[in-house]
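Notes to accompany the following structure.
The values are calculated or read from the model by the stated rules, or taken from the named source; none is laboratory data. What you see is a predicted model; the values in this text were computed from it and never measured. So basically every Cβ, Gly included, is an ideal-geometry build from the backbone, and we count neighbours across all protein chains shown. We work out accessible area using only protein heavy atoms, side chains counted, and drop any ligands, DNA or RNA first. Shrake-Rupley method; radii C 1.70, N 1.55, O 1.52, S 1.80 Å.
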Amino acid sequence: MKLATLRSGGRDGTLVVVSRDLSRAATVPGIANTLQAALDDWRALEPALRTAAERLEAGTAPGTFAFDPAACAAPLPRAYQWVDGSAYVNHVELVRRARNAEVPPSFWTDPLMYQGGGDAMLGPCDDIRVETEAWGIDFEGEVAVVTDDVPMGLPAEVAMDHIRLLMLVNDVSLRNLIPGELAKGFGFFQSKPASSFSPVAVTPDELGNSWDGCKVRLPLRVTLNDVVFGAPDAGTDMTFDFPQLIAHAAKTRTLGAGTIVGSGTVSNVDRSRGSACIAEKRSLEQIADGRPSTPFMRFGDRVRIEMFDVRGASIFGAIDQKVVAYHPPR
């Protein structure tokens, strides 16, 4: 089942079911008006949503219309909780090695995680608005899961039972603001503006054998200005899987339905697969050549993030965004 949120009906949008080929959609007003409402009562509402999706596939759903990703908000335009891990320690190791820093042993046994802003998620085709290029504008291609209510202290062994949906993420980062923030010892804030999400969120069964309950075993394709930047495999070199990330986040708190848990930048040891963010490529250049040569994004640049199934069909639709100058109110 594939679900999306249209930009209508208020801040939280309107929930629709989407066909598997991403060509058609239909609203589900008798079931749930928003995706958050569906997640709040998932066990009761999921069967009706699946029936609506089946009718859409069969061509018998009322009010069917052409699906347009540009008309979509993020699947959850506002999320009660958005936490992002760094599950690919290879990525962390490269970035730290480029500045002659060692990876502490704990990084291999205890996930890194930060709490992002969930009040204003970007849609898949929304512009990335930044005040100045000097902040070091970067994309980060990731996979994320959406949970139902997760009890505090839940062990990783059963956390997979709380994964309801998956989607793609562009965790936009302002790299030149990060060092100053981390030097304060209190984590990211200004360096992590609004993140953007794929047009649709999908139930795990949509991935078939490419989902093993813990990881998505497919490449994540990233292009910058229509040139392939990388296609690292999301299931390879993932040090901490999604159940482990959920358990980490829930160690001392409950997670409310609609919590989004991100994987962090997808990264592979195999360098031939490229990278899912500019910072990693710059780190590799620093290690090899003594200096980075790939610039961060500039105004007018466009990034596209997408994942295809084994038959070559787009699963989530594409995050397709342009960087534009933002002029704050004076």
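With respect to L166, determine if the residue is open to solvent by less than 30 Å² (accessible area, probe 1.4 Å), among the hydrophobic types (A, V, I, L, M, F, W, C) and farther than 22 Å from D127 by Cβ.
When the stated conditions are applied, L166 passes them.
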Inset, instruction - Can you work out which of the residues in segment 43-65 that are among the aliphatic types (A, V, I, L, M) and without any contact (Cβ under 8 Å) to a residue 40 or more places away in the chain is least open to solvent (accessible area, probe 1.4 Å)? - result: L56
Inset, instruction - State whether the residues of segment 283-292 include one that is modelled with pLDDT of 95 or more and assigned to a strand (DSSP E or B). - result: no
Inset, instruction - Output yes when any residue across segment 150-162 is under 30 Å from V303 (Cα atoms), at pLDDT 95 or above and open to solvent by less than 50 Å² (accessible area, probe 1.4 Å), and no when none is. - result: no
Inset, instruction - Name the one entry in P111, P75 that is open to solvent by less than 10 Å² (accessible area, probe 1.4 Å), assigned to a loop (DSSP other than H, G, I, E, B) and not polar (S, T, N, Q). - result: P75
Legend entry - Among (1) modelled with pLDDT under 95; (2) outside any helix (DSSP H, G or I); (3) polar (S, T, N, Q) - the single one T60 does not satisfy: (1)
Inset, instruction - Could you look through segment 264-287, keep only residues that are among the aliphatic types (A, V, I, L, M) and within 17 Å of the chain's Cα centre (by Cα), and pick out the one that is surrounded by the most Cβ atoms within 10 Å (Cβ to Cβ)? - result: V266
Inset, instruction - Test each condition in (1) within 22 Å of Q115 (Cβ to Cβ); (2) buried (at least 19 other Cβ atoms within 10 Å of the Cβ) for Q321 and report the one that comes out false. - result: (1)
Inset, instruction - Please identify the pairs in which a residue from segment 123-140 that is aromatic (F, W, Y) has its Cβ atom under 8 Å from the Cβ atom of a residue that is open to solvent by 10 Å² or more (accessible area, probe 1.4 Å) and not in a strand (DSSP E or B), counting only partners at least 6 apart or on another chain. - result: W135/R175; W135/N176; W135/L177
Inset, instruction - Look at D68 and say whether it is under 27 Å from S196 (Cβ atoms) and either open to solvent by 20 Å² or more (accessible area, probe 1.4 Å) or not acidic (D, E) (or both). - result: yes
Inset, instruction - Tell me which residues, restricted to segment 18-42, are closer than 18 Å to A71 by Cα, surrounded by fewer than 17 Cβ atoms within 10 Å (Cβ to Cβ) and small (G, A, S). - result: S23
